[in-house]
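These notes are about the structure you will find just below.
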Amino acid sequence: MDPVLNPYTPNAGARPDVVVGRDDQLAAFDVLLKRIARGRTEQSMIFTGLRGVGKTVLLGQFREVALTQDWSVIEYEVVKHDDSAFRMDIAARLRMALLELEPRTRWSDRFKKAAAALASFTVSVDAEGTWQAGLNVDAIEGLADHGDLSMDLTDVLLAVGEAAQDKRRGVVLLLDEIQFLSKVQLESLIVALHKVVQRAVPITLVGAGLPQIAELAGDAKSYAERLLKFPSIGNLEEQDAKRALNEPAIAEGVEYTEDALDLAFELTGGYPYFIQELGHAVWGAASTAPITRADVQDACELYEAKLDASFFRVRLDRATELQSAYLRAMAQLGPEPQKAGEVASVLGRESTQLGPTRAELIDMGLLYTPQHGYAAFTVPHFDKFMLRAMPNLVVPPLKRRSKGVGS
């Protein structure tokens with residue numbers, strides 16, 4: 001097949017030629033925007049799911065929907081920042097939203113108030129006052145200058161929301177990798193959203209993150225479960241998975257046989273990223289149309305090797321010797337969530353000794369806790385990779401942590 005015409009996109013966050021299986025999520029987002037536009041309240045949403053299920057792609061679709069409804073869209077891929085850097089990141093994006101909603105030469109009093117709030121919000125972390133100068137407004141004493149992130153962010157979101165209300169428009173924050181917010185940042189965002197809902201201003205949040213974000217939000221604020229929805233997305237149903245593989249090929253005048261699609265579904269489990277990676281490999285392996293089961297079989301080795309070398313390996317390379325052993329022990333027990341005690345038993349340790357290691361892997365985004373006492377991989381099929389990458393479980397010698405905890 002002509003590689004130039006290869007219709008598959010195995011890249012992080014790249015939108016596939018055909019997006020299927022997400023109609024319910026798109027409908028829920030449409031309802032969210034339309035209710036808020038009518039002056040009604042609606043719960044913000046944080047979509048959860050494993051790596052590779054298409055959360056970033058879904059946020060991209062939300063952006064398109066919001067733009068067609070004349071909403072101002074703020075996109076932010078969260079990284080681990082201290083609070084000062086977080087303020088600057090959020091302020092930069094809200095500043096762009098204000099300017100997109102209305103040119104500065106036509107700003108009403110509400111827009112000027114929002115700009116003043118942004119000036120105060122950042123001046124406390126910018127001794128030179130460059131943001132205040134850039135906005136060409138003076139800070140207002142008592143507005144977003146409390147030195148408390150929750151209070152300041154609340155002032156800012158309310159002011160920006162009121163400015164948008166002046167233009168009969170709304171602002172939607174699309175936050176990816178939201179689990180990387182610190183507890184203080186997440187709590188501040190929840191507190192600010194709570195006040196936004198109470199005041200019924202047209203500003204809302206839709207986020208995406210790993211499955212632990214629902215628990216993290218609940219820990220940050222007890223009312224988070226009433227303020228936010230946490231719908232999960234996962235692997236595609238069989239027919240949708242087959243469509244995701246076959247329809248891009250059909251657009252290029254090529255088609256898969258049914259038994260080829262059956263094998264592809266068996267190999268990928270319906271995970272969107274794996275479908276793109278397999279499709280890309282099969283396109284290079286096939287020489288003529290239609291694409292057959294034999295073509296899919298011929299591509300298997302390349303497909304697996306590409307996943308091992310990039311998607312999987314980049315995660316394992318970040319792990320220490322003991323962390324790698326922990327992951328390998330989990331893989332030995334199977335792909336399901338595993339009890340901490342059983343993993344420790346495989347490693348010949350006490351679960352208390354391995355508690356810090358488990359916590360580190362969760363913090364790194366390699367594991368999450370679907371329920372108390374259990375941990376699971378954040379990447380599908382990672383257990384199979386660990387068994388390939390580490391055929392034999394090697395447990396490093398027991399060391400002593402600085403605080404006297406064995407590891």
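Just wondering, is there one or more residues in the stretch 379-399 that are surrounded by fewer than 18 Cβ atoms within 10 Å (Cβ to Cβ), within 25 Å of Thr48 (Cβ to Cβ), touching a Lys or Arg at 6+ places or on another chain (Cβ under 9 Å) and modelled with pLDDT of 90 or more? Looking for residues that are surrounded by fewer than 18 Cβ atoms within 10 Å (Cβ to Cβ), within 25 Å of Thr48 (Cβ to Cβ), touching a Lys or Arg at 6+ places or on another chain (Cβ under 9 Å) and modelled with pLDDT of 90 or more, one finds none in the stretch 379-399, hence no. Might you let me know whether the stretch 232-245 holds any residue that is open to solvent by 50 Å² or more (accessible area, probe 1.4 Å), at pLDDT below 90 and out of contact with any Leu (no Cβ under 6 Å at 6 or more places or on another chain)? Scanning the stretch 232-245, I find no residue that is open to solvent by 50 Å² or more (accessible area, probe 1.4 Å), at pLDDT below 90 and out of contact with any Leu (no Cβ under 6 Å at 6 or more places or on another chain), so the answer is no.
Only residues that are charged (D, E, K, R) and at pLDDT 95 or above: list them for the stretch 2-34, please. Answer for the stretch 2-34, where residues must be charged (D, E, K, R) and at pLDDT 95 or above: Asp30, Lys34.
Scan the stretch 305-321 residue by residue and report those that are closer than 22 Å to Leu267 by Cα and either in contact (Cβ under 8 Å) with a residue 60 or more places away in the chain or open to solvent by less than 20 Å² (accessible area, probe 1.4 Å) (or both). Lys306, Leu307, Asp308, Phe311, Phe312, Arg313, Arg315, Leu316 - these are the residues of the stretch 305-321 that are closer than 22 Å to Leu267 by Cα and either in contact (Cβ under 8 Å) with a residue 60 or more places away in the chain or open to solvent by less than 20 Å² (accessible area, probe 1.4 Å) (or both).
Table: residues versus (1) among the aliphatic types (A, V, I, L, M); (2) in contact (Cβ under 8 Å) with a residue 60 or more places away in the chain; (3) buried (at least 20 other Cβ atoms within 10 Å of the Cβ); (4) in a helix (DSSP H, G or I).
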residue	(1), (2), (3), (4)
Gly142	no, no, no, no
Asp145	no, no, no, no
Leu153	yes, yes, yes, yes
Leu158	yes, no, yes, yes
Gly161	no, no, yes, yes
Ala164	yes, yes, yes, yes
Arg169	no, yes, no, no
Leu174	yes, yes, yes, no
Gln179	no, yes, yes, yes
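Looking only at residues in the stretch 81-115 that are assigned to a helix (DSSP H, G or I) and of a type in the set (Ser, Thr, Tyr), the one that is nearest to Leu149 (Cα to Cα) is Ser84.
Taking the criterion of being hydroxyl-bearing (Ser, Thr, Tyr) and touching a Leu at 6+ places or on another chain (Cβ under 9 Å), the only residue of the stretch 155-193 that qualifies is Ser188. For the stretch 322-331, the count of residues that are in contact (Cβ under 8 Å) with a residue 24 or more places away in the chain, of a type in the set (Ser, Thr, Tyr) and open to solvent by 40 Å² or more (accessible area, probe 1.4 Å) is zero.
For (1) in a loop (DSSP other than H, G, I, E, B); (2) open to solvent by 40 Å² or more (accessible area, probe 1.4 Å), each residue gets a yes or a no:
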{"residue": "Asp24", "(1), (2)": "no, yes"}
{"residue": "Asp30", "(1), (2)": "no, yes"}
{"residue": "Ile36", "(1), (2)": "no, no"}
{"residue": "Thr41", "(1), (2)": "yes, yes"}
{"residue": "Ile46", "(1), (2)": "no, no"}
{"residue": "Leu58", "(1), (2)": "no, no"}
{"residue": "Phe62", "(1), (2)": "no, no"}
{"residue": "Val79", "(1), (2)": "yes, yes"}
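Within the stretch 192-247, the set of residues being under 21 Å from Val19 (Cα atoms) and over 23 Å from the mean Cα position of the chain (by Cα) comprises Glu238, Gln239, Lys242, Arg243, Leu245, Asn246, Glu247.
Is it the case that the stretch 155-163 has a residue that's modelled with pLDDT under 95 and not small (Gly, Ala, Ser)? Among the residues of the stretch 155-163, not one is modelled with pLDDT under 95 and not small (Gly, Ala, Ser), which makes the answer no.
Taken residue by residue, the stretch 337-353 has at least one member that is within 18 Å of His381 (Cα to Cα) and open to solvent by 40 Å² or more (accessible area, probe 1.4 Å).
Can you work out which of the residues in the stretch 246-261 that are among the small types (Gly, Ala, Ser) and touching a residue at least 40 places away in the same chain (Cβ under 8 Å) is least open to solvent (accessible area, probe 1.4 Å)? First the steps, then the outcome.
In the first step, residues of the stretch 246-261 are kept if they are among the small types (Gly, Ala, Ser); the result is 249, 251, 253, 260.
The next check asks that each one be touching a residue at least 40 places away in the same chain (Cβ under 8 Å); those that pass are 249, 251.
On the way: Ala249: 0, Ala251: 86 Å².
Filtering the stretch 246-261 for residues that are among the small types (Gly, Ala, Ser) and touching a residue at least 40 places away in the same chain (Cβ under 8 Å), the one least open to solvent (accessible area, probe 1.4 Å) comes out as Ala249.
The residues of the stretch 273-288 that are more than 26 Å from Lys55 (Cβ to Cβ) and free of Cβ contacts under 8 Å to residues at least 60 places away in the same chain, listed by number, are Ala285, Thr288. Leu228 falls short on exactly one of the conditions (1) under 30 Å from Val191 (Cα atoms); (2) of a type in the set (A, V, I, L, M, F, W, C); (3) open to solvent by 80 Å² or more (accessible area, probe 1.4 Å), and that condition is (3). For the stretch 309-336, filtering for residues that are in a helix (DSSP H, G or I) and closer than 16 Å to Val394 by Cα leaves 14.
Here Ala119 meets each of (1) under 20 Å from the mean Cα position of the chain (by Cα); (2) open to solvent by less than 20 Å² (accessible area, probe 1.4 Å); (3) among the small types (Gly, Ala, Ser) with one exception, condition (1).
Once the stretch 360-375 is narrowed to residues that are crowded, with 18+ Cβ neighbours inside 10 Å and in a loop (DSSP other than H, G, I, E, B), the residue that is modelled with the highest pLDDT is Leu366. Condition check for Thr357 on (1) open to solvent by 20 Å² or more (accessible area, probe 1.4 Å); (2) at pLDDT 95 or above: one failure, at (1).
The values are calculated or read from the model by the stated rules, or taken from the named source; none is laboratory data. Please read these numbers as outputs of a predicted model, since none were measured by experiment. Here the Cβ is made from the backbone with ideal geometry for all residues, glycine too, and neighbour counts use every protein chain on show. These area figures cover heavy atoms from the full protein model, side chains too; ligands, DNA and RNA do not enter into them. Shrake-Rupley method; radii C 1.70, N 1.55, O 1.52, S 1.80 Å.
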